[in-house]
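The next block holds one structure in the form of structure tokens; read it before the comments.
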């Protein structure tokens, strides 16, 4: 169907209205929104959401999270509903200023005990250039932002950008210099992050770093910080980097399970209630 077909335009408009409504319900801590996840929500048996549901409940409102690459805080975010439902504490990082100020900061403004930071994680405190789609601030585009310019360009080569542009009626500029833009963003080290926010235990380290996940796992010094659970996105990693992630985690005594685009690592020994996820 042609991208300007009226039915597609209507569907797109309804989707945007739904996303906007969901965002505002969540940001306001709407009782109906949170009540749905407290009393009616049932995740698919054996899924990552099923694990997060049980894991969050097992902590009895004493859950600390660090999220690297939180983006807008809700779209395709596996932990958002549990943060809201169970009052997680911790720190959520998103380095893109536009995304951070328009979305992430606003959606969690009413969640006490939760801090949002406009920053990336790195070996040392400072600044670092980040690369992004230069002609769109839509969620699909901001989700491709990376510290690697090559990874952003690969999204053009692989047809990911073209597919989304066709879907949303966007023209890719003929001038290739407009395809990718960069900006300097704040970088904070794990040591500074944990010290500044007085974090002594990490129940979940959630990573969505657009192909930078291996570097985050390395930087975070897993033997020292000892997160009880780690979830990272595997789709942006080549086989070599993915296997390097698994090697680091197994060497530090984590059991591992792949759930589609995400991989879960849980510190051993595994509690009986979570054994079903690792058979």
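Bear in mind that the values in this text are calculations on the coordinates, not laboratory data. Note that the structure is a prediction, hence the values are computed from the model and not measured. Cβ sites come from the backbone with ideal geometry, for glycine too, and all protein chains shown count toward neighbours.
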Exercise for the section: Residue by residue through the stretch 258-271, note down the ones that are closer than 26 Å to residue 143 by Cβ, surrounded by fewer than 17 Cβ atoms within 10 Å (Cβ to Cβ) and touching a strand residue (DSSP E or B) at 6+ places or on another chain (Cβ under 9 Å). Expected result: 258, 261
Handout entry: Matching residues, the stretch 161-190, being within 21 Å of the chain's Cα centre (by Cα) and either surrounded by 13 or more Cβ atoms within 10 Å (Cβ to Cβ) or assigned to a loop (DSSP other than H, G, I, E, B) (or both)
Key = 161, 164, 182, 183, 185, 186, 187, 188, 189, 190
Completion exercise
By residue number, the members of the stretch 30-44 that are under 22 Å from the mean Cα position of the chain (by Cα), surrounded by 14 or more Cβ atoms within 10 Å (Cβ to Cβ) and not in a helix (DSSP H, G or I) are 43
Practice task
Restricting attention to strands (runs of 3 or more DSSP E) lying wholly within the stretch 53-146, give those where 3 or more residues are touching a strand residue (DSSP E or B) at 6+ places or on another chain (Cβ under 9 Å) and within 18 Å of residue 229 (Cβ to Cβ).
Solution key: 64-68, 89-93
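Name the one entry in 153, 193, 214 that is in contact with a helix residue (DSSP H, G or I) (Cβ under 6 Å, 6 or more places away or on another chain) and part of a helix (DSSP H, G or I).
214
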Problem - Filtered residue count, the stretch 225-246, keeping only those that are outside any loop (DSSP other than H, G, I, E, B) and either in contact with a helix residue (DSSP H, G or I) (Cβ under 7 Å, 6 or more places away or on another chain) or closer than 27 Å to residue 53 by Cα (or both) - result: 11
Practice task
Scan the stretch 6-27 and give yes if some residue there is under 26 Å from residue 277 (Cα atoms) and out of contact with any strand residue (DSSP E or B) (no Cβ under 8 Å at 6 or more places or on another chain), otherwise no.
Solution key: no
Completion exercise
Matching residues in the stretch 196-211 (closer than 17 Å to residue 265 by Cα and assigned to a loop (DSSP other than H, G, I, E, B)) number 5
